[in-house]
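This report refers to the structure that appears directly beneath it.
The values are calculated or read from the model by the stated rules, or taken from the named source; none is laboratory data. Because the structure is predicted, anything quoted here is derived from the model rather than measured. Positions of Cβ are generated from backbone atoms using ideal geometry, with glycine treated the same way; all protein chains shown enter the neighbour counts. What goes into the accessible areas is simple: the full protein's heavy atoms, side chains included, and nothing from ligands, DNA or RNA. Shrake-Rupley method; radii C 1.70, N 1.55, O 1.52, S 1.80 Å.
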Amino acid sequence: PANLIPARHWVWADSAYPTETWCVVPFKKPHGGHLTRRQNTYNRYLSKVRVRVEHAFATLKGRFQSLRELRLHMSKDNDLHIAAYWITACIILHNMIIRFEERLGEETTQ
């Protein structure tokens, strides 16, 4: 992953992943210890943001079935770029649909 994720970019992950320069995870409670107040605040904020992001992904996958099983083997930089462009295109189309629905005053997805 460190080779495929561009500089100054990172990925949110759950606590099962290690903390890396490319991977942001919640603070883990030390054995027999406690998290600081700031660490708990960070974990709560991260949890709320991650849930919103996961809901956004679910919405996109519901609208664009091609995202449900975006099966690309990530072995080269170009593979990551193709996936990113595909997802970006779906996000742009999603936003366009929302704007069209607002202008029409009805749901165009029906």
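Which condition breaks for L46 when tested against (1) outside the structural domain of I98 (by the TED database); (2) outside any helix (DSSP H, G or I); (3) surrounded by 13 or more Cβ atoms within 10 Å (Cβ to Cβ)?
The one condition L46 does not meet is (2).
Kindly indicate which of R52, R103, R99 is in the same structural domain as D14 (by the TED database), surrounded by fewer than 11 Cβ atoms within 10 Å (Cβ to Cβ), at negative phi and assigned to a helix (DSSP H, G or I).
Within the list R52, R103, R99, the selection yields R52.
So which residues in region 19-43 are closer than 30 Å to D79 by Cβ and open to solvent by 70 Å² or more (accessible area, probe 1.4 Å)?
Across region 19-43, the qualifying residues are T19, E20, T21.
Take S15 and decide whether it is surrounded by 11 or more Cβ atoms within 10 Å (Cβ to Cβ) and without any contact (Cβ under 8 Å) to a residue 24 or more places away in the chain.
For S15, the condition - surrounded by 11 or more Cβ atoms within 10 Å (Cβ to Cβ) and without any contact (Cβ under 8 Å) to a residue 24 or more places away in the chain - is met.
Sort out which residues of region 62-76 are open to solvent by 90 Å² or more (accessible area, probe 1.4 Å) and either of a type in the set (D, E) or assigned to a helix (DSSP H, G or I) (or both), and write them in order of number.
Within region 62-76, Q65, E69 meet the criteria.
In region 78-87, what count of residues is obtained for those that are within 21 Å of A13 (Cβ to Cβ) and surrounded by fewer than 12 Cβ atoms within 10 Å (Cβ to Cβ)?
Result for region 78-87: 1.
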